[in-house]
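Each remark here refers to the structure printed beneath this line.
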Amino acid sequence: MRALALAAIAALALPAHGQGRQDPNLAHPHEVLTVKRDGYTIAGLVAFSKTESPKYGIALFPGHPGIIKLREAAGAPVFEMRGNFLVRTRRHWLDGEMLIMVVDAPSDQWASFDQRFRETPRYGADVAALVGEAARKYAVKDWTFIGTSEGSVSAFHAARMNPELAQRVILTASVFVSGKNGPGLSRADYGSLKSELLFVHHVDDPCAFTPYREAQAAARRSGRPLVAVRGGGGWKGGLCEAFTAHGFVGAELAALRAMKAWIRTGQAPEEVSP
């Protein structure tokens, strides 16, 4: 059943971090798509407009820890990380042509979704199984993988290992500097990526692992375009968390408009602002 009961959604729409407002994204129909693997599962939170046959599939890979613990209760989705840039803005992709799917970590990785695991063939096969099932179920053949922050590691390697599935990759607020969680994209071989690639980065990103200068360097090395995001405001919280320029706060829609234009036309502006 594609449309979930709105009453059931509303009952479960409170953010996991305990704030009292409802999640406006859940005004749209959502489904939990789960694929069984060898002793574990991988799941995606799917949303779509009323269009029966969307043209584009958008696979979203959220930032650290990348574990949304997606499941169903009373016929409605239950999940964490609602404040993440890609999770909180997902409704803005839904325009009649696009279907989105927030990709969870495999269930056996919920304790620790290591960056190095995301480089492995097993992870590539897990993502392929989920996206392949979504492509079959929703009849969507054209897929773009989008990662933000640490999710950029997931999106890059999943696409690198599945060029037949990922026509495009967009890496936003990407982890370019290695740290205790792993190498990030510090050793990424962009030449091994067969998909089209776009970088999107806020010029004032304050996180030590995602400086704008590294996005510029990656774009130069790879020969792929970079969208510089400027402006926004109302920033709060830790420098590497979702409610600073690292999470494009105040400039979310400008960033999304640029990404959607690139998916449709192959062209993106060099710079955007609210």
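What does the C-alpha gyration tensor say about the overall shape of region 58-163? Classify as rounded when a/c is under 1.5, otherwise prolate if a/b is larger than b/c, or oblate. Judged from the Cα gyration tensor, region 58-163 comes out rounded (a/c under 1.5). As a length-normalised measure over Cα pairs under 8 Å and 6 or more apart, the relative contact order of region 66-106 settles at 41 percent. Per-residue 3J(HN,Hα) values for region 129-144, derived from phi via the Karplus relation 6.51 cos²θ - 1.76 cosθ + 1.60 with θ = phi - 60°, read 5, 5, 5, x, 5, 5, 4, 5, 5, 9, 6, 10, 9, 9, 10, 10 Hz in sequence order (x marks Gly and Pro). Over region 39-108, Cα pairs under 8 Å with separation of 6+ residues give a relative contact order of 55 percent.
The solvent-accessible area of residue 212, taken with every protein chain present and a 1.4 Å probe, is close to 40 Å².
Rounded to the nearest whole Å², what accessible area per residue is found for region 159-266 with the 1.4 Å probe? Each step should come with its number before you reach the end.
Details: 4550 Å² over 108 residues.
Heavy-atom SASA per residue in region 159-266 reads 42 Å².
Label point of residue 224 set 7 angstrom out along Cα-Cβ; within region 120-135, amide nitrogens under 17 Å from it belong to 120, 124.
Shown here are the Rg and Dmax of the Cα trace of region 111-270, at 15.2, 41 Å.
Taking all Cα pairs closer than 8 Å and separated by 6 or more residues, the relative contact order of the chain comes to 15 percent. Each label was represented as a point 7 Å from its Cα along the Cα-to-Cβ direction; for residue 49 and residue 133 these points are 2.7 nm apart.
Region 236-274: which trypsin sites (Lys or Arg not before Pro) are DSSP loop and have at most 11 other beta-carbon atoms within 10 angstrom? Mind dumping the intermediate values first?
Numbers: sites: 236, 257, 260, 264; in loops: 236.
Those that pass, being in a loop and sparsely packed, are 236.
For the chain, the 222 nm mean residue ellipticity estimated from helices alone, with every DSSP H stretch of n ≥ 4 adding -39500 (n - 2.57) and the total spread over all residues, rounds to -7000 deg cm²/dmol.
Expressed as a whole percent, the accessible surface of region 17-173 that belongs to carbon and sulfur atoms is 51, based on a 1.4 Å probe.
Relative to the compact globular guide of 2.2 N^0.38 Å, what is the alpha carbon radius of gyration of region 113-171, as a ratio?
Details: Rg = 10.9 Å, N = 59, 2.2 N^0.38 = 10.4 Å.
Ratio of Rg to 2.2 N^0.38 Å for region 113-171: 1.05.
Within the set 55/260; 69/137; 50/236; 69/260; 36/180; 50/141, which residue pairs have Cα atoms separated by over 24 Å? Each step should come with its number before you reach the end.
Working: 55/260 13 Å; 69/137 22 Å; 50/236 35 Å; 69/260 27 Å; 36/180 31 Å; 50/141 18 Å.
The pairs that break the limit, which is 24 Å between Cα atoms, are 50/236; 69/260; 36/180.
Exposure check, 1.4 Å probe, all protein chains in place: residue 72 carries approximately 100 Å² of accessible surface. For region 150-213, the set of trypsin sites (Lys or Arg not before Pro) satisfying both a DSSP loop assignment and a count of at most 11 other C-beta atoms within 10 Å is given as 180, 187. Take every DSSP beta bridge with both residues inside region 162-274 and express the antiparallel ones as a percent of the total, to the nearest 5. Once the DSSP bridges in region 162-274 are tallied, antiparallel ones form about 10 percent.
The values are calculated or read from the model by the stated rules, or taken from the named source; none is laboratory data. It should be emphasised that the depicted structure is a prediction, and the values quoted were computed from it without experimental measurement. Neighbour counts run over all protein chains shown; Cβ positions are idealised from the backbone, glycine included. To get the accessible areas, we keep the full protein, side chains included, count just its heavy atoms, and leave off ligands, DNA and RNA. Shrake-Rupley method; radii C 1.70, N 1.55, O 1.52, S 1.80 Å.
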